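Novice: Before we start, here is the structure in question, set down as structure tokens.
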Amino acid sequence: MLNTRVRIKQLLLLLGDFLVFQISVPLMILLRYGEITPNSYEQHAFPFLILSGVWLVGFYVAGLYDLKLTRDSLKFLRTYFEGMIANLLLAFGFFYLLPIFGIAPRRNLILFVIIVLLLDYIWRIAFNRIISKTIFKTRLLFIGSPQDAGRVAELIEEVAPGFELKAVLQTAPGTRFDDGSVIWHASPDSIRGLVKDSAIDTIIVGHKPEEVPGLQDALYETIFSAVSLVDRAGFEESATGRIPLEHISQNWFLSHIHEGEKVAYEGLKRFVDVVLAVPIALVSALLYPFIAILVKVSSPGSVLYSQIRIGRNQKPFRIYKYRTMRQDAEVAGVPQFAQKNDPRVTKIGKFLRASRLDELPQIWNVLRGDMSLIGPRPERPEFVTELVSQMPYYALRHLTRPGVTGWAQVQFTYASSFEENLKKLQYDLFYIKHRTLMLDVAILLKTIRIVLKRMGT
């Protein structure tokens, strides 16, 4: 329920873009030829319809359906023009590398891009400044301490566009924050009035209802209204795309992790992995001589290196990668986490890491069944032992095959310590709970964006 309104906004944004693309076709013909004839429209309609679908994917890869952009005008402007430039290149490739439509509309294409650039920018500005702030806004009532209410407010500001904290029911002592827009109450008896007067859509319960006298009865009455109830962990999970470990217990996993429901998905995913890995393996074989020369030139040592990693069901396997570090990177024999801007990485290694080309040999692991294209990244057994001792839930990431890329890789920064790996675990657990083919496709597209922007780790 929490994400339904966000998804509706994203769908509305996508439909608006598609409508702009379609309107731009007859406008392009009219401006180019001075009139729109049935023949000219039929000649252009279908190719540009297909191109529109390609452009929507291009916009998604560019990050233009991330609603956080509605709050940052400068970042939106930069991302929008990056997306349009990428789509222009896609359009030229579409018509000139795949000449199956019988037209090569060079001038028309430039005209089409200009029209879309202007009309879609107007649509996007209207969406950012009006629609996103007025339609399908989720109004929240938080029940808990002032400190927790403050953290929820900060979370909404940082990562949860479309949510608005309207009221707080204070259930513990503390200093209230006052931003002029939040209504404060201290009695559970006020919940019914707050829901009605402030048009509350969702109530976030910060602790067990039975801990506060009268709270459980007051919440029970909300069942007869359209308001949704969610606990603190559920809200943070929906808003951030991670499982907040500080707010959950072992019982949470018993209620939310259902591996029996994932059997069909795992089988279908394995089939898709093999189908996609075969052509990728062929491309990798063609690139191998060139990458091998670059690795050899960068520093003395082998082209490939391998390590033991922990896979599905905690089964160890050997992973392969192109060597990106000096041969003596672990001369003392002590395993070390890779660091951001790691001095052990060679110049060619930096490029291979940024482009993710260093991961190509892992296609062999995918074909063998050790790995999947999408999943939590596999870790070394030395690190896994320490991480499990610090956080027993860490072992749950081994419920599925590890991946070449994953949800944590596209959502989190570089993890270069045990503490950061435990933070990354929250994203891995989110993937374990929600993994579907649609989420896998989203991860794949986000990975493409990261590689194109040279933000890879």
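Novice: Looking at this structure, is residue 349 buried (at least 16 other Cβ atoms within 10 Å of the Cβ) and under 22 Å from the mean Cα position of the chain (by Cα)?
Specialist: No.
Novice: Okay, moving on. Identify the residue in the range 291-303 that is surrounded by 14 or more Cβ atoms within 10 Å (Cβ to Cβ) and not in a loop (DSSP other than H, G, I, E, B) and, among all such residues, is modelled with the lowest pLDDT.
Specialist: Selected residue: 298.
Novice: Can you tell me which residue is farthest from residue 280 (Cα to Cα) among those in the range 321-348 that are modelled with pLDDT under 85 and touching a strand residue (DSSP E or B) at 6+ places or on another chain (Cβ under 6 Å)?
Specialist: Filtering first and then ranking leaves 344.
Novice: Moving to a separate point now. For a quick check of your reading of the model, give me the residue pairs whose first member lies in the range 78-101 and is outside any helix (DSSP H, G or I), whose second is at pLDDT 85 or above and not hydrophobic (A, V, I, L, M, F, W, C), with beta-carbon atoms closer than 6 Å and at least 6 apart or on different chains.
Specialist: Short answer, once both residue conditions are applied: 101/47.
Novice: Continuing with this model, one more query. Kindly establish whether residue 94 is closer than 30 Å to residue 163 by Cα and among the aromatic types (Phe, Trp, Tyr).
Specialist: In short, no.
Novice: Out of curiosity, is residue 374 among the aliphatic types (A, V, I, L, M), within 17 Å of residue 307 (Cβ to Cβ) and touching a residue at least 60 places away in the same chain (Cβ under 8 Å)?
Specialist: So residue 374 fails the test.
Novice: Something else about it: Does residue 239 satisfy the condition of being under 26 Å from residue 191 (Cβ atoms) and touching a Pro at 6+ places or on another chain (Cβ under 7 Å)?
Specialist: In short, no.
Novice: Of all residues being closer than 22 Å to residue 357 by Cβ and free of Cβ contacts under 8 Å to residues at least 60 places away in the same chain in the range 249-282, which is nearest to the chain's Cα centre (by Cα)? Just the residue, please.
Specialist: 275
Novice: Only one of 278, 272 is surrounded by 15 or more Cβ atoms within 10 Å (Cβ to Cβ), of a type in the set (A, V, I, L, M) and either assigned by TED's automatic domain parsing to the domain that holds residue 143 or touching a helix residue (DSSP H, G or I) at 6+ places or on another chain (Cβ under 8 Å) (or both). Can you tell me which?
Specialist: Answer to the check: 272.
Novice: With respect to the numbered conditions (1) at positive phi; (2) loosely packed, with under 14 Cβ neighbours inside 10 Å, which one is the sole condition not fulfilled by residue 162?
Specialist: Here residue 162 meets the rest and fails (2).
Table: residues versus (1) of a type in the set (Phe, Trp, Tyr); (2) closer than 17 Å to residue 359 by Cβ; (3) in contact with a strand residue (DSSP E or B) (Cβ under 7 Å, 6 or more places away or on another chain).
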site	(1), (2), (3)
284	no, yes, no
290	yes, yes, no
296	no, no, no
304	no, yes, yes
309	no, yes, yes
316	no, no, yes
319	no, yes, yes
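Novice: So in the range 411-451, with the set limited to residues that are outside any helix (DSSP H, G or I) and of a type in the set (Gly, Ala, Ser), which one is nearest to residue 241 (Cα to Cα)?
Specialist: 415
Novice: Just one of 64, 31 is outside any helix (DSSP H, G or I) and modelled with pLDDT of 90 or more; which is it?
Specialist: Sole residue among the options that is outside any helix (DSSP H, G or I) and modelled with pLDDT of 90 or more: 64.
Novice: Does residue 106 count as touching a residue at least 40 places away in the same chain (Cβ under 8 Å), surrounded by fewer than 19 Cβ atoms within 10 Å (Cβ to Cβ) and among the basic types (Lys, Arg)?
Specialist: Criteria not met by residue 106.
The values are calculated or read from the model by the stated rules, or taken from the named source; none is laboratory data. Every value quoted in this text rests on a predicted model; they were computed, and no experiment measured them. As a convention, Cβ positions derive from the backbone with ideal geometry for all residues, glycine included, and neighbour counts pool all protein chains shown.
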